[in-house]
């Protein structure tokens with residue numbers, strides 16, 4: 001099954017929108033004239049150069065992100081760890097293409113700007129492009145996935161290797177870790193949104209950072225005034241004091257519960 005993120009990004013509409021945004025960014029750069037390009041030529045030539053470079057950058061960054069992002073997400077790798085690596089790699093073809101175009105337009109650049117300085121400028125552009133690209137698509141509302149069993153759309157975010165037996169959701173910064181009997185995976189989402197996507201899976205929001213499926217609970221640990229739910233995987237989920245009454249009302253803390 002194709003990764004939902006990859007499926008969402010690899011559509012003609014999304015590609016067209018990405019490249020249109022790159023063209024607009026190139027037009028802005030053409031007017032501003034960064035890295036000394038303001039003095040190179042007339043406005044139309046600068047616009048043509050920067051729009052071409054921006055479109056090439058968009059193609060490089062877009063292809064690289066589509067290749068890396070879904071794989072990194074399946075392995076629970078945070079975006080901030082792989083974005084610099086992607087920027088470092090895509091800046092190589094970007095620097096070569098941009099320099100060839102620039103030298104064709106302005107031959108004096110060959111002597112005026114050496115390769116080290118040129119690559120440094122390109123790396124900066126690549127890092128900004130990649131960061132903005134990922135941030136924009138991370139905030140975009142995804143298309144509604146195909147209905148999962150019982151309307152639990154969150155299950156569609158689980159890689160096949162983890163199965164479909166969702167035990168709990170655990171918030172980690174801007175991510176949510178989905179735990180199953182086969183392991184866990186990080187997905188980029190607020191916990192509140194992830195909880196809305198559990199559909200009719202029976203469970204409770206037991207702590208500000210935890211949602212637990214009822215079938216996963218195997219016992220309760222009392223530690224003074226604190227409670228923890230022991231799950232079938234051996235994981236222990238904390239229970240907020242404000243949620244104890246709700247768990248008692250739902251029968252989760254019955255005296256006979258093992």
- residue 209 at pLDDT 90 or above, outside the structural domain of residue 74 (by TED's automatic domain parsing), in contact with a helix residue (DSSP H, G or I) (Cβ under 8 Å, 6 or more places away or on another chain) and surrounded by fewer than 17 Cβ atoms within 10 Å (Cβ to Cβ): yes
- Item | Members of the stretch 169-186 found to be within 14 Å of residue 233 (Cα to Cα), part of a strand (DSSP E or B) and out of contact with any strand residue (DSSP E or B) (no Cβ under 7 Å at 6 or more places or on another chain), listed by number | 183
- Complete set of residues in the stretch 72-83 that are under 16 Å from residue 183 (Cβ atoms), in contact with a helix residue (DSSP H, G or I) (Cβ under 9 Å, 6 or more places away or on another chain) and surrounded by fewer than 16 Cβ atoms within 10 Å (Cβ to Cβ): 77
- Which members of the stretch 84-100 meet the condition of being surrounded by fewer than 16 Cβ atoms within 10 Å (Cβ to Cβ) and in contact (Cβ under 8 Å) with a residue 40 or more places away in the chain? 84
- Message: Given the condition assigned to a loop (DSSP other than H, G, I, E, B) and either farther than 26 Å from residue 138 by Cα or under 20 Å from the mean Cα position of the chain (by Cα) (or both), answer yes or no: does some residue in the stretch 54-74 qualify?
- Response: no
- Note on the structure: Per the list (1) buried (at least 20 other Cβ atoms within 10 Å of the Cβ); (2) in contact (Cβ under 8 Å) with a residue 40 or more places away in the chain; (3) closer than 29 Å to residue 113 by Cβ, residue check on residue 40 breaks on (1)
- Of all residues in the stretch 101-129, which are within 27 Å of the chain's Cα centre (by Cα) and without any contact (Cβ under 8 Å) to a residue 60 or more places away in the chain? 119, 120, 122, 123, 124, 127, 128
- Looking only at the stretch 181-190, count how many residues are in contact (Cβ under 8 Å) with a residue 40 or more places away in the chain and surrounded by 15 or more Cβ atoms within 10 Å (Cβ to Cβ). 5
- Item | Qualifying residues in the stretch 240-257 (those that are in a loop (DSSP other than H, G, I, E, B) and at pLDDT 85 or above) - the one surrounded by the fewest Cβ atoms within 10 Å (Cβ to Cβ) | 251
- Item | Count of the stretch 214-239 residues which are surrounded by fewer than 21 Cβ atoms within 10 Å (Cβ to Cβ), out of contact with any helix residue (DSSP H, G or I) (no Cβ under 6 Å at 6 or more places or on another chain) and either in contact (Cβ under 8 Å) with a residue 24 or more places away in the chain or closer than 22 Å to residue 158 by Cβ (or both) | 10
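The values are calculated or read from the model by the stated rules, or taken from the named source; none is laboratory data. Treat the numbers as computed from the prediction; the structure is a model and nothing was measured. So basically every Cβ, Gly included, is an ideal-geometry build from the backbone, and we count neighbours across all protein chains shown.
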